[in-house]
Amino acid sequence: MKKIDSVFIRKWEKEYNEEDEKTYIKILNRVKNELESTSGITLPAFKELYNWKTRGRSYNNIIEDQYETLYNENIKISIVLPDDKKIYILNGMPGVRIAVASTILHFIYPKKFPIIDVNTIIALKELGYYEPNEKVEKLRDSPESYNDYRRKLLKIQKSIDGNWTLHQIDKALFSFGKAS
């Protein structure tokens, strides 16, 4: 297993797309402000978050007229659930799979929930954190696999010298996985 350390994070985090980072910061601030003022996330903020994560590929799967009663209600419920149960309530809503559910959780709890992505899984496989023969889809498509992924990233974060955020680790893994 190759070690993910400060050298790795410093090197690969720089490769992350600057425009994506600007959009990320904008969404992070918007979600934070909305949670403080409404205890939920508005449909426009949700759309922005969703489009950022999916790169606009699958927005038509969201049922807008059910946003308040389904999506935002489940987001509010997830907030009161134990951390390892939060992903379950969000996964499976129309248009929302594990990757988007993890993104929602990350924007609500950036210090506790990493964003899962095919590129971050590829990076972790390449670095020896998963078995080489494990299928990427299997590693990213269930609440159980997400909770395992989350535990791995929190453990990596704790083991690294320095004060690296989950977002910085995500960016480095994303960039490394994309280059692999």
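The values are calculated or read from the model by the stated rules, or taken from the named source; none is laboratory data. Fair warning: this is a prediction, and the values are worked out from it, not measured in the lab. Note that each Cβ is placed from the backbone with ideal geometry, even for glycine, and that neighbours are counted across all protein chains shown.
Worth pointing out:
- Only listed residue being touching a residue at least 60 places away in the same chain (Cβ under 8 Å), under 19 Å from residue 106 (Cβ atoms) and basic (Lys, Arg), chosen from 76, 53: 53
- Restricted to the stretch 131-178, and to residues there that are under 29 Å from residue 22 (Cβ atoms) and of a type in the set (Gly, Ala, Ser), the residue that is surrounded by the fewest Cβ atoms within 10 Å (Cβ to Cβ) is 162.
- Among the residues of the stretch 2-56, the one identified as of a type in the set (Val, Ile, Thr), under 17 Å from residue 165 (Cα atoms) and not in a helix (DSSP H, G or I) is 4.
- Subset of the stretch 28-59 that is among the small types (Gly, Ala, Ser) and closer than 21 Å to residue 178 by Cα - its residue that is surrounded by the fewest Cβ atoms within 10 Å (Cβ to Cβ): 56
- Residue match in the stretch 60-68 (condition: buried (at least 19 other Cβ atoms within 10 Å of the Cβ) and under 16 Å from the mean Cα position of the chain (by Cα)): no
- Within the stretch 97-154, if we keep just the residues that are among the small types (Gly, Ala, Ser) and under 11 Å from the mean Cα position of the chain (by Cα), the residue that is nearest to residue 180 (Cα to Cα) turns out to be 99.
- Test result for residue 25, among the β-branched types (Val, Ile, Thr) and surrounded by fewer than 17 Cβ atoms within 10 Å (Cβ to Cβ): yes
- Verdict on residue 126 being assigned by TED's automatic domain parsing to the domain that holds residue 158, among the acidic types (Asp, Glu), surrounded by fewer than 15 Cβ atoms within 10 Å (Cβ to Cβ) and farther than 22 Å from residue 33 by Cβ: no
- When the stretch 111-120 is filtered for residues that are surrounded by 23 or more Cβ atoms within 10 Å (Cβ to Cβ) and either aromatic (Phe, Trp, Tyr) or at pLDDT below 95 (or both), only 113 remains.
Every residue, every condition in (1) touching a residue at least 24 places away in the same chain (Cβ under 8 Å); (2) small (Gly, Ala, Ser); (3) farther than 28 Å from residue 138 by Cβ, yes or no:
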position: 13; (1), (2), (3): yes, no, no
position: 17; (1), (2), (3): no, no, no
position: 86; (1), (2), (3): yes, no, no
position: 95; (1), (2), (3): yes, yes, no
position: 105; (1), (2), (3): yes, no, no
position: 111; (1), (2), (3): yes, no, no
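- Qualifying residues in the stretch 74-110 (those that are of a type in the set (Gly, Ala, Ser), in a helix (DSSP H, G or I) and out of contact with any Gly (no Cβ under 9 Å at 6 or more places or on another chain)) - the one surrounded by the most Cβ atoms within 10 Å (Cβ to Cβ): 102
- Enumeration of residues in the stretch 129-157 that are polar (S, T, N, Q), free of Cβ contacts under 8 Å to residues at least 24 places away in the same chain and closer than 20 Å to residue 105 by Cβ: 157
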